[in-house]
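Since the structure comes first, as structure tokens, the remarks are kept for the end.
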Amino acid sequence: MPRSVGQRQRSLFGFRIEKRQPPERMLKYRITGLVAGLIVTLVWALLASGAGISSFTSLMWQSTLGSTLGIHEILILSVPLLFTGLAAAIPYRMGLWNIGGDGQMFLGAWAACAVGFSVPHLAGAPLIVCMLLAAALGGAAWALIPALARAYLGVSEIISTLLLNFIASYWMVYWAGGPWRAPQSAGGVISRMIPAQSQLFSIAAGPVLVPLGFLLALAAVLGTVLLGRSRFGYEIAIVRSSQRAGDYAGIRTRRLVATVIVIGGVLGGLGGAAELMGDVTRYGPSLTNNTGYTGVIIAVLANGSALGTLVMALIFAAIIVIGNQLVVLGASSSLVFAAFGITLAFAAISTAAARFGLVRRSREPTVAPTPAVGDQHA
């Protein structure tokens, strides 16, 4: 009897796809995919720019890890990415999606600005602390709306947090282009500068200047790690695996859902304040360039891990720095977005490689035909 097509394929290749449970070395696979995507992007950029290999590699190295200025730039760019990544990572651990990072950044920065403009003569350290606390409350208040809607009304947090981003952007336009507008802005949407003593400075760590905002982000990473090892983190893991099991264990799942989303809002608000007080110094659209959406990507690639979020935020910041240097070499500015797309495609491939593997199909043992009854007594 002729073999079927499927049988011919099995005998030809001799492999089968097998799902790994649980996925092994997921973060390692994803980082490898990101690095591979970055290498492909650099090769493409080299061909597109027409520069020599030596000058190209020298510029890339000096603009990133080869100079103290490049490292400082990566650390600065990683601050909002790290905060918004953590803001999405904590809800992601519970199977929730915080897409409202941009809106929470705008509201957190708005609250920080409100404090800074209200008491502009307050000393530096107390003013910085008050502005950060106000930013955390602003982000929490903005996230409380979708949190309660999700926990008690069943409204999708994806839709509610996404729509609140647009409301927050118009809220920013009103304040930056109205009551707080800079006199020299000529009708532009930008506020006056925050008090000089509230601006976050950099600390010298050897030859490298480390932004204070990055140290605050590292503190947020440490807090997230400790949170995951606490009873609260244990409850999150239980409810994510089975809400019914959480209810049976006596966990108040609705309150837990709301709390997790609000914590994400706190981190998003702190990210807005860190960006305002560290690099931007004015309230306006430049506070975020779709940073909240990038934070969601970072959280997913890190699989909700705080340390993974830190690594991914640094990698993405380096990609942004490299993209800016490619523009200097004459490459198109859209190449930066292409770099994100290529690296994400490789990360997706690496994720599939971590979840599935090729296993050699063992040969089926040949079974001797069973003799007939009459043959047994022959």
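Scalar couplings 3J(HN,Hα) for segment 114-127, obtained by applying the Karplus form with A = 6.51, B = -1.76, C = 1.60 to θ = phi - 60°, are 4, 5, x, 6, 7, 10, x, 9, 5, 4, x, 4, x, 5 Hz; x denotes Gly and Pro. When peptides 305-315, 234-244 are sorted by average Cβ neighbour count within 10 Å, with the highest value leading, the order is 305-315, 234-244.
Once you divide the Cα radius of gyration of segment 20-148 by 2.2 N^0.38 Å, the number left is 1.48.
For segment 170-225, the average shadow cast by the Cα convex hull is 6.5 nm², which is a quarter of the hull's surface. For segment 108-243, the per residue solvent-accessible surface stands at 53 Å², with DNA, RNA and ligands left out and a 1.4 Å probe.
With Cα atoms defining each centre, segment 289-314 and segment 150-187 are spaced 22 Å apart in the structure.
Each peptide in 120-127, 109-116 was scored by the mean count of other Cβ atoms within 10 Å over its residues; highest first, the order is 109-116, 120-127. Taking N as the residue count of segment 116-219, its C-alpha radius of gyration divided by 2.2 N^0.38 Å amounts to 1.37.
Counting only protein heavy atoms and a probe of 1.4 Å, the accessible surface of segment 262-312 is 58% carbon and sulfur. Coupling constants for segment 201-207 follow from the phi torsions by the Karplus curve (6.51 cos²θ - 1.76 cosθ + 1.60, θ = phi - 60°), and in residue order they are 9, 10, 10, 6, 10, x, x Hz; glycine and proline get x.
Counting only protein heavy atoms, what percent of the accessible surface of segment 95-211 is carbon or sulfur at a 1.4 Å probe?
75
Karplus-based coupling profile of segment 140-149, in residue order and whole Hz: 5, 5, 5, 7, 5, 4, x, 5, 5, 5, with θ = phi - 60° in 6.51 cos²θ - 1.76 cosθ + 1.60 and x standing for Gly or Pro.
Using the average count of surrounding beta-carbon atoms within 10 Å as a protection proxy, the listed peptides 266-276, 288-298, 136-146 rank, highest first, as 266-276, 136-146, 288-298. For segment 160-254, the convex hull spanned by the alpha carbon atoms encloses 195 Å³ per residue.
Net charge in the neighbourhood of residue 185 (other residues with Cβ under 10 Å of its Cβ; Lys, Arg +1, Asp, Glu -1) is +3.
The values are calculated or read from the model by the stated rules, or taken from the named source; none is laboratory data. Just so it is clear, the model here is predicted, and its values are computed rather than measured. Cβ coordinates were reconstructed from backbone atoms using ideal geometry, including for glycine residues, and neighbour counts include every protein chain displayed. Accessible surface areas use protein heavy atoms only, side chains included; no ligands, DNA or RNA. Shrake-Rupley method; radii C 1.70, N 1.55, O 1.52, S 1.80 Å.
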